[in-house]
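Note sheet for the following structure.
The values are calculated or read from the model by the stated rules, or taken from the named source; none is laboratory data. Quick caveat: nothing in here was measured; it's all calculated off a predicted structure. Positions of Cβ are generated from backbone atoms using ideal geometry, with glycine treated the same way; all protein chains shown enter the neighbour counts. Accessible surface is based on the protein model in full, side chains and every heavy atom, while ligands, DNA and RNA are left aside. Shrake-Rupley method; radii C 1.70, N 1.55, O 1.52, S 1.80 Å.
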Amino acid sequence: MKTNVNLQPYNSFGFNATAKYFVEINDANDLQRLIRTPEFKQEKHLILSGGNNILLTQEYFDGLVILMNNKGIKTVADDGNNIIVRAQAGEDWPEFVKLMVSKGYYGVENLAHIPGKVGAAPVQNIGAYGMELKDSFLKCEAIHLETGKKRVFDNKECCFGYRQSIFKGMLRGQYVITSVEFQLKKQTDLKLDYGNIKAYLAEHGMEQPTLQQLHDAICAIRDAKLPDVKKIGNAGSFFKNPVVKLEQFEALKQQYPNMPHYDEPDGRVKIPAGWLIEQAGWKGWHDDHVGVYEKQALVLVHLGGGTGRDIVELSQKIQQSVEEKFGIKISPEVNFIQ
Ligand code: EPU
């Protein structure tokens with residue numbers, strides 16, 4: 001266990017914050033041992049995965065940071081068509097997707113290039129281009145932070161929703177995911193219907209892409225729209241896309257006939273927060289330290305020399321102006337760490 005560790009390399013916004021205690025987990029058993037230590041029992045804790053979806057709001061974390069870094073990817077079943085692959089929580093998500101694609105396994109390709117680690121993917125049910133983690137998730141193993149006991153959660157038990165799961169909901173802060181099993185397929189089954197995928201493929205002469213071509217196209221589409229965390233601090237989409245009642249949508253549609261929208265299965269309508277933020281005039285806004293990415297208004301960026309508080313303040317101003325203009329409350333997707 002280390003003390004006074006700077007968390008700057010461990011959060012994709014790149015904010016400086018000192019952790020009182022810091023420990024790296026390389027094996028699920030390490031975590032079970034850690035749970036029995038006095039430091040663990042006395043201190044508040046922060047489970048850190050890729051650090052791609054957190055906002056460190058303070059410059060000192062008065063507690064114990066636990067970095068999940070356990071590795072390993074293994075095929076556990078293969079009947080010729082269906083395949084089950086287990087990945088340890090500390091594996092890099094985009095590398096995992098790349099590996100599955102290179103083996104010809106279908107099921108996670110649209111989630112290519114999403115920064116983060118395997119263990120965090122189910123927590124917020126990562127999603128992109130018409131696919132969500134829950135579509136290929138079979139089960140995961142997790143450790144209870146009070147008892148140290150292992151528990152397996154199947155797909156249903158995770159209560160997945162849009163950027164939501166039981167690990168963010170009812171069981172928030174109680175379990176740490178140590179490994180995930182995915183149910184993948186060997187037959188062609190590509191999802192090309194989402195927004196600009198087809199247009200991009202057509203433009204590049206790939207109406208019927210291979211698995212690898214689709215993966216590479218998604219990486220290119222993301223690269224064109226989202227800032228590279230290695231160059232500009234950010235946490236991907238900062239807000240969730242709000243879902244409004246049909247009546248509210250219809251009233252707005254009168255005023256903004258070009259407003260993009262997606263119908264929800266329950267009759268409500270999802271409106272892209274990026275569009276609302278852009279319409280409210282924020283796209284490309286920045287001061288010396290933080291701003292709103294010029295190519296995708298849903299992404300808040302750290303330009304250097306800023307603090308988590310700068311992002312908190314900016315996000316509140318954006319929420320306020322979107323609410324004033326549209327009467328819609330948008331809420332953060334990113335987790336605020338106190
Ligand atoms: N739009 C604007 N202005 C903007 C951004 C978007 O008008 O600045 C409009 C676009 O023109 C489009 C619509 O909003 O009509 C939707 O935009 P986009 O396809 O870029 O997707 P999104 O809803 O903004 C969601 C996810 C992303 C994911 C993409 C692609 C959420 C909160 N975000 O963004 O996820 O990559 O779809 O599937 O659901 C993430 O969670 O970190 C993330 C990047």
Lone qualifier among Ile271, Ile330, Ile318 - being within 14 Å of the ligand (Cβ to nearest atom), over 16 Å from Leu55 (Cβ atoms) and either in the same structural domain as Asn125 (by TED's automatic domain parsing) or of a type in the set (Val, Ile, Thr) (or both): Ile271
Going by what's in this entry, would Ala217 be described as of a type in the set (A, V, I, L, M), free of Cβ contacts under 8 Å to residues at least 60 places away in the same chain and not assigned by TED's automatic domain parsing to the domain that holds His289? yes
Kindly check whether there is at least one residue in segment 191-198 that is touching a helix residue (DSSP H, G or I) at 6+ places or on another chain (Cβ under 8 Å), away from the ligand (no atom under 16 Å from the Cβ) and within 29 Å of Glu91 (Cα to Cα). no
What is the one condition in (1) at positive phi; (2) open to solvent by less than 30 Å² (accessible area, probe 1.4 Å) that Val85 does not satisfy? (1)
Filter segment 286-338 for residues that are hydroxyl-bearing (Ser, Thr, Tyr) and surrounded by fewer than 19 Cβ atoms within 10 Å (Cβ to Cβ); which is farthest from the chain's Cα centre (by Cα)? Ser321
Scan (1) among the small types (Gly, Ala, Ser); (2) open to solvent by 30 Å² or more (accessible area, probe 1.4 Å); (3) modelled with pLDDT of 95 or more; (4) within 16 Å of the ligand (Cβ to nearest atom) for the single condition Gly130 breaks and write down its number. (3)
Residues of segment 88-126 that turn out to be at positive phi and open to solvent by 30 Å² or more (accessible area, probe 1.4 Å), as a count: 1
